[in-house]
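Peer 1: One structure is given below, represented as structure tokens, and several questions about it will come after.
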Amino acid sequence: MSRTAAFFEGVEDTDQPHESSAHDPIVVRRAEMRARARDASSFIGSLLDLPRLSGPDRRVAFRQVIAELARGSTDEGPSPLEGIRAEALVRAIGASLEAGLADDLDWLDAGAAGCALYQIAAALPVGAEQREIGRRVLSRLLAGKADSFAVMATQMARAGGKGLLGTSVFARVALLMELPIGLEMPDCALAFAIASRRNLAREYVVGPSTRSLPDRRLAARILERAARDALRRALMGDRSGVRIVGPAGALEPVYARLLGDREPLVWRHVAIARGLLCPFTDDGVTQIENDLSAKLSPTEWRRAAAAIGGLAASKPDVAMRVASRAMRDGLLIRDPGAVTPYLWGLARTAESEPDAARELFDLAQGARPEDVADAAVTLARELGSGAFVEHARKRALSMMGGAPRSDRTDDGATALRAELQRCLESSGAADESIGAQLDRAVRAFADEGAKAAHERGLALLETVRGTVDALLAIDEAGSGDAASSALARRTSFAVVRDLDIGMLERDALVNLLRLDNREARLKSAEQAVEGMRDRAFTWLVEREIVKVGSLPADTPHLVLHLARLKTMLHLLDGEGVVRGDEDDSAAQARFQRAARALATCLNENPPPALRRAVMATFARCLDALARAGACDISDVALVAAACLSGPRDLETLAEASMDPDTRGLLARIAAVASERSLGSLELFGEEHAKVGTARSDSLRALALKLQHALEAVGRATSLRELATSGTESDVAIALENACFGLAQVNAGARARVLDVSSDSSLVRAMGAGQTTLPRSPPRALSSLIGQAIAAGEHAAPSAVADATAATVEALPRSLGGVLEAHLGKLADLPPQVSNIPADRKEPAPAAELPAWVPARRALGAFHLERPLAAGGVGSVFVVTRVEDKNDPDAERFSLKVPDYNANAARHLSEAEFLTLFRSEASALMALPQHPNLAHFVTFDLAARPKPILVMELVEGPNLERLIDTHSLDVERVVQTMQDVADGLAAMHEVEVGHLDLKPANVVLRGGTTAVLVDFGLAGRKIRLGCGSAPYSAPEVWGHVPKDTKATPMAVDVYAFACLAFEMLTASILFDAETEVAMVSQHISHDGLPPKLRAFAQDPRFLPLAELLFAALRRDPGSRIGMADFRKEIDRVTAKLAGLPWPLRSKAA
């Protein structure tokens, strides 16, 4: 027996009390103390004792509590403070604060101490104690090093994430995710906590997955790290993490979106995450093997290659089998670029299986040396230093040394090789590139803390500023000799690449600056970064984008051009502009300038080797504009359709876009361009319905109207079927209205996306022949159909083609192509068919009724059939009496509803406007029956929802259409002038003015007799601001000379002179871009505006000009009366017979 055993042989085992001493108080107390020592949570009792302890005893007890809370901070179970009464906890923490114990925690690891304090703050009720502890928690969170921040942030994330959504904290999370894997930071646990909490996942992963490049990249890196933590859990038997943050869980759409991202900086991390978790997902390994099949594309191959590295982290033997088979099957021969993502994935392999990582790396010996070298440099950044990184560096250098030199005709390729060689040969401390300095600054967050990292960020900001200055100073033209030019190009390549890696590929510099959360300093630093981005942007636009389109097909230096385009893409995709920021305007202007330059470049047809890169850059630019709120994604689709007519180009643009809604719209417009079918047009409209914005809704409605009109054309067996009554083609008018609406939306899209209101050359290059939209829809198509029906003849194919071209002139090419494909049929349709089949009597609806129309389609005693027109102050409908609505032969009328609009709002409230309408409606009862006036039927001032005015429906073309389509001659114009003058004279005899005289309100009954229609403004009082701007006298706009009485009759005389000039010359007498400018023209002359002055220079037209002068005087009292005007018409037009129309002054 040993001496120790002998000693213990006679010692009583006090841990097992004798039965006789089971109730001994001393024995019981000792047992309780031993049990309490074994139970860690029992130390929380010390917390409750704090108020009654003092001095060293209180300090000791507080330390015990903090240490125990810190020890359990990494557990995901309940806090030891759960269940403690709030009042007791408040007293205990109050005592510790009073004693200064909460500020004396240097004896404990900073992160652990912060976690302990956070648990206390979370358990405290709202009050002073919670605020004090919370302030200390936040201070430690922001001031600590990366590891302590990660531990605290993880605990906060598990508790719901309150406090992790501010800019400063977000920056720290982003920097933590940038640190090398080799530092073994607790970043994966934080990433898992973020990805597994819905509110945090929404802010850090889900939302950013559709935003800028740095946002998407951070979301992808969080997913990779979350997957690594889920793998750790799964290897210990807990597979719930795989379901929570894996590709088959709640984040499945995000995985799919980021895995499909076109940017390797993004998708590689999600591919690795997929590989990490594939051993624990259904058919995960099989899916990777299938994606390596030769039947698929590089998109699948490269993502599967990256996943192999993730797989090797837990199943190295399986990964080796998959990789070896892929290499034997010729993966790197089919797609040499697949080696780079394959090697990227080995970062996670090296973390846990370094030997396997070396073996897998060596499988890439046959790859291009530059690709292997590039991947080795990236691995060094991802992993930090280590045996595997050194192995990869030496292998890459060996391959670079043994490979033939790059193509010396490409200065970009030469410079790239030199840069890779430099990165592989230089040590981290000696590398002075922006990328290397940025890595060291981020590393300072781990080694020294946030303050030191921020200071390094400020120093790096100055380095970047100097680098941008150097870039702008490079003269690539040199002194003219080839050697200096080549040196300048290679230097610019190295500088641009350094800026791209250090400032654009990731937001680490901005996040370093955001470590200081003082608003003024932060804003100043961010503005400095924006300024440097702007200068780099200007250089790229001027040195690259504006020149790419004119490069020859066999242009040299492709690597140089591609690198610059990639940098521009990253610059455009890398600015996370938030909607509504007050400083967005400068960034939006930059995006618009880039969009103009890229659109011009694409129209100039860049070299095939560069075209795809230009389109990808254009796509990211459009994404950035939509992200910044400068435009709607519907605008993006329209501009893309105008810039790119080829379906394949549009498909490429769709693939390059990072916004799912934009991608869907672009894919639909590509189908429209390819198929030119009504089905594709319908799907295009439906895709807009998914977007759910006001502009997308407008486009959807317009696309639907186009579809309906074209369907009606497709069903028609004669031109007559396209007209509801008479010769007016309702279907064609509806189609023209829809095209005009699309043209308006298209013009707005161009202005918002490209800001090309003053750049007509680009507009013409985009296929929009009209740089300025007309004020009303062109009526070439409906006029042609009406003429053919009236003449009883086929429409000539050339005339149909011309009318179609005029209709689609201002539309995007793709949409215009659909109309061209379907309207050619009009030339084959006879004007009339005697027996129309029953199923063809009703074409598709020509137009929709306004939303305010009651469901029963009745206003007063009248049933609305269809819109007739929309005037300046009202809407006009074709109606029948309610009791006749089912009678196809019932008499039809024209019903006008007053519409309070912008013109009326100049001087009248809506109530005043409607009161005037009601009071003036009775004046129409005084109108005489006259062949040149539409007959008054009735008015109903009590009709709901609006009062109505009902007049005779006059069938025939209106004067506006005849002028627009040049369907007049001088004799017909003179006769029309006489008819209109007769009608006005009849109205003036009863002292009633029309007050809205214009070409659209003159209809030629049966194509011969001119009739005045639309009496919505007619009456005995002038309504200020109510009228059509090109024809309204100065008094309508409130400009009346002193001591002069303005009358409705004088207003009509002025308007008739404007109308007569337009009929005679097919030119609007007062024409301007804006209504304000037009009103200014009316009040700045006294009877002889510039166009009339030029017209009067021709002696043949002088008498006519003098008559118009008498009608256009500024003073209403000085104007000729309508009866006298009518008498003079015959005299001044007598010598016009036989002249060609429209009249043109020889002097002009």
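The values are calculated or read from the model by the stated rules, or taken from the named source; none is laboratory data. Values in this document were obtained by computation on a predicted structure and should not be read as measured data. Because the Cβ atoms are built from the backbone with ideal geometry, glycine has one as well, and the counts that use them run over all protein chains shown.
Peer 1: Taking the condition in the same structural domain as Ile474 (by TED's automatic domain parsing) and either surrounded by fewer than 19 Cβ atoms within 10 Å (Cβ to Cβ) or assigned to a loop (DSSP other than H, G, I, E, B) (or both), does Asp498 pass?
Peer 2: Working: in the same structural domain as Ile474 (by TED's automatic domain parsing): yes; either surrounded by fewer than 19 Cβ atoms within 10 Å (Cβ to Cβ) or assigned to a loop (DSSP other than H, G, I, E, B) (or both): no.
No, not satisfied.
Peer 1: Might you let me know whether segment 609-624 holds any residue that is more than 27 Å from His561 (Cα to Cα) and either of a type in the set (Phe, Trp, Tyr) or crowded, with 23+ Cβ neighbours inside 10 Å (or both)?
Peer 2: To start, the set of residues in segment 609-624 that are more than 27 Å from His561 (Cα to Cα) comprises none.
There is no residue in segment 609-624 that is more than 27 Å from His561 (Cα to Cα) and either of a type in the set (Phe, Trp, Tyr) or crowded, with 23+ Cβ neighbours inside 10 Å (or both).
Peer 1: Given the condition in contact (Cβ under 8 Å) with a residue 12 or more places away in the chain, over 24 Å from Ala373 (Cα atoms) and in contact with an Asp or Glu (Cβ under 8 Å, 6 or more places away or on another chain), answer yes or no: does some residue in segment 419-435 qualify?
Peer 2: Residues of segment 419-435 that are in contact (Cβ under 8 Å) with a residue 12 or more places away in the chain, as a first pass: 419-421, 423-425, 428, 433-435.
Adding the requirement that they be over 24 Å from Ala373 (Cα atoms) leaves none.
The answer is no; no qualifying residue exists.
Peer 1: Taking Asp635 as the residue in question, decide whether it is surrounded by 21 or more Cβ atoms within 10 Å (Cβ to Cβ), outside the structural domain of Arg593 (by TED's automatic domain parsing) and at pLDDT below 95. I'd like the intermediate steps shown before the answer.
Peer 2: Values: surrounded by 21 or more Cβ atoms within 10 Å (Cβ to Cβ): yes; outside the structural domain of Arg593 (by TED's automatic domain parsing): yes; at pLDDT below 95: yes.
Yes.
Peer 1: Would you be able to tell me the number of residues in segment 234-252 that are in contact (Cβ under 8 Å) with a residue 24 or more places away in the chain and part of a helix (DSSP H, G or I)?
Peer 2: Residues flagged as in contact (Cβ under 8 Å) with a residue 24 or more places away in the chain and part of a helix (DSSP H, G or I) within segment 234-252 amount to 6.
Peer 1: Somewhere in segment 582-589, is a residue more than 25 Å from Tyr255 (Cα to Cα), touching a Pro at 6+ places or on another chain (Cβ under 7 Å) and crowded, with 19+ Cβ neighbours inside 10 Å? Explain how you work it out, then say what you get.
Peer 2: As a first pass, look at segment 582-589 and keep what is more than 25 Å from Tyr255 (Cα to Cα): 582-589.
Adding the requirement that they be touching a Pro at 6+ places or on another chain (Cβ under 7 Å) leaves none.
No, because not a single residue in segment 582-589 is more than 25 Å from Tyr255 (Cα to Cα), touching a Pro at 6+ places or on another chain (Cβ under 7 Å) and crowded, with 19+ Cβ neighbours inside 10 Å.
Peer 1: Being farther than 27 Å from Lys566 by Cα, basic (Lys, Arg) and touching a residue at least 24 places away in the same chain (Cβ under 8 Å) is true for just one of Arg456, Arg490, Arg497. Which residue is that? If you could, list the steps in order and put the result at the bottom.
Peer 2: Values: Arg490 fails: farther than 27 Å from Lys566 by Cα; Arg497 fails: farther than 27 Å from Lys566 by Cα.
Step by step, each of Arg456, Arg490, Arg497 is checked, and only Arg456 is farther than 27 Å from Lys566 by Cα, basic (Lys, Arg) and touching a residue at least 24 places away in the same chain (Cβ under 8 Å).
Peer 1: Right, here's the next one. When segment 109-136 is examined, which residues are found to be surrounded by 23 or more Cβ atoms within 10 Å (Cβ to Cβ) and farther than 18 Å from Arg91 by Cα?
Peer 2: Gly111, Ala113, Gly114, Cys115
Peer 1: Going through segment 653-712 one residue at a time, which ones are hydroxyl-bearing (Ser, Thr, Tyr) and touching a Gly at 6+ places or on another chain (Cβ under 8 Å)?
Peer 2: Restricting attention to segment 653-712, the residues satisfying the condition of being hydroxyl-bearing (Ser, Thr, Tyr) are 657, 662, 674, 677, 680, 693, 696, 698.
The one that is hydroxyl-bearing (Ser, Thr, Tyr) and touching a Gly at 6+ places or on another chain (Cβ under 8 Å): Ser698.
Peer 1: Check segment 215-224 and report whether any residue there is surrounded by fewer than 24 Cβ atoms within 10 Å (Cβ to Cβ), assigned to a helix (DSSP H, G or I) and of a type in the set (Gly, Ala, Ser).
Peer 2: no
Peer 1: Sticking with this structure for a sec: Test of understanding: among Ala1110, Ala1066, which residue is within 45 Å of the chain's Cα centre (by Cα), aliphatic (A, V, I, L, M) and over 30 Å from Arg918 (Cα atoms)?
Peer 2: On the way: Ala1110 fails: within 45 Å of the chain's Cα centre (by Cα).
When all the criteria are applied, what remains is Ala1066.
Peer 1: Take Ala847 and tell me if it is surrounded by 16 or more Cβ atoms within 10 Å (Cβ to Cβ), at pLDDT below 90 and in a loop (DSSP other than H, G, I, E, B).
Peer 2: Working: surrounded by 16 or more Cβ atoms within 10 Å (Cβ to Cβ): yes; at pLDDT below 90: yes; in a loop (DSSP other than H, G, I, E, B): yes.
Taking the combined requirement at face value, the residue satisfies it.
Peer 1: Only one of (1) more than 27 Å from Met987 (Cβ to Cβ); (2) not in a loop (DSSP other than H, G, I, E, B) fails for Ala1072. Which number is that?
Peer 2: (2)
Peer 1: Only residues that are crowded, with 23+ Cβ neighbours inside 10 Å, of a type in the set (Gly, Ala, Ser) and modelled with pLDDT under 90: list them for segment 642-673, please.
Peer 2: Passing the criteria: only Ala642.
Peer 1: Taking the conditions exactly as written (hydrophobic (A, V, I, L, M, F, W, C), touching a Phe, Trp or Tyr at 6+ places or on another chain (Cβ under 9 Å) and modelled with pLDDT under 90), does Met925 satisfy them or not? Break it down stepwise before answering.
Peer 2: On the way: hydrophobic (A, V, I, L, M, F, W, C): yes; touching a Phe, Trp or Tyr at 6+ places or on another chain (Cβ under 9 Å): yes; modelled with pLDDT under 90: yes.
Criteria met by Met925.
Peer 1: Quick one: which residue in Ser385, Ser352, Ser398 is of a type outside the set (Asp, Glu), surrounded by fewer than 19 Cβ atoms within 10 Å (Cβ to Cβ), within 26 Å of Ala563 (Cβ to Cβ) and not assigned by TED's automatic domain parsing to the domain that holds Glu505? Break it down into steps so the answer makes sense when it comes.
Peer 2: Working: Ser385 fails: within 26 Å of Ala563 (Cβ to Cβ); Ser352 fails: within 26 Å of Ala563 (Cβ to Cβ).
When all the criteria are applied, what remains is Ser398.
Peer 1: Suppose the filter is part of a helix (DSSP H, G or I) and either buried (at least 19 other Cβ atoms within 10 Å of the Cβ) or in contact with a Lys or Arg (Cβ under 9 Å, 6 or more places away or on another chain) (or both); does Arg1100 pass it?
Peer 2: Values: part of a helix (DSSP H, G or I): yes; either buried (at least 19 other Cβ atoms within 10 Å of the Cβ) or in contact with a Lys or Arg (Cβ under 9 Å, 6 or more places away or on another chain) (or both): yes.
In short, yes.
Peer 1: Also: Taking the residues in segment 435-476 that are among the β-branched types (Val, Ile, Thr) and crowded, with 22+ Cβ neighbours inside 10 Å as candidates, determine which candidate is nearest to Val495 (Cα to Cα). Before you say what the answer is, go through the steps one by one.
Peer 2: If we filter segment 435-476 for residues that are among the β-branched types (Val, Ile, Thr), which is where we start, we get 442, 463-464, 467-468, 474.
So of that shortlist, the ones also crowded, with 22+ Cβ neighbours inside 10 Å come out as 442, 464.
Details: Val442: 21, Val464: 10 Å.
Out of the qualifying residues, it is Val464.
Peer 1: Please go through segment 927-942 and pick out each residue that is surrounded by 18 or more Cβ atoms within 10 Å (Cβ to Cβ) and under 20 Å from Leu914 (Cβ atoms).
Peer 2: Phe936, Phe939
Peer 1: So which of Leu165, Leu124 ends up being touching a residue at least 24 places away in the same chain (Cβ under 8 Å) and more than 39 Å from the chain's Cα centre (by Cα)? Working first, answer last.
Peer 2: Working: Leu165 fails: more than 39 Å from the chain's Cα centre (by Cα).
Checking each option against the conditions leaves just Leu124.
Peer 1: Taking only segment 289-307 into account, find how many residues are within 22 Å of Asp371 (Cα to Cα) and in a helix (DSSP H, G or I).
Peer 2: Residues that pass the stated criteria total 11.
Peer 1: As an exercise: evaluate Gly83 against (1) surrounded by fewer than 20 Cβ atoms within 10 Å (Cβ to Cβ); (2) touching a residue at least 12 places away in the same chain (Cβ under 8 Å); (3) closer than 30 Å to Asp238 by Cα; (4) of a type outside the set (A, V, I, L, M, F, W, C) and give the number of the one condition it does not meet.
Peer 2: Going through the list (1) surrounded by fewer than 20 Cβ atoms within 10 Å (Cβ to Cβ); (2) touching a residue at least 12 places away in the same chain (Cβ under 8 Å); (3) closer than 30 Å to Asp238 by Cα; (4) of a type outside the set (A, V, I, L, M, F, W, C), Gly83 breaks only (2).
Peer 1: Moving to a separate point now. Out of the helices (runs of 4 or more DSSP H) lying entirely within segment 312-413, which hold 3 or more residues that are closer than 22 Å to Leu231 by Cα?
Peer 2: Fully inside segment 312-413 and qualifying: 316-328, 339-344, 346-352, 354-362, 369-383.
Peer 1: Among Ala609, Ala586, which is over 25 Å from Asp554 (Cα atoms) and over 16 Å from the mean Cα position of the chain (by Cα)?
Peer 2: Details: Ala609 fails: over 25 Å from Asp554 (Cα atoms).
Only one candidate qualifies: Ala586.
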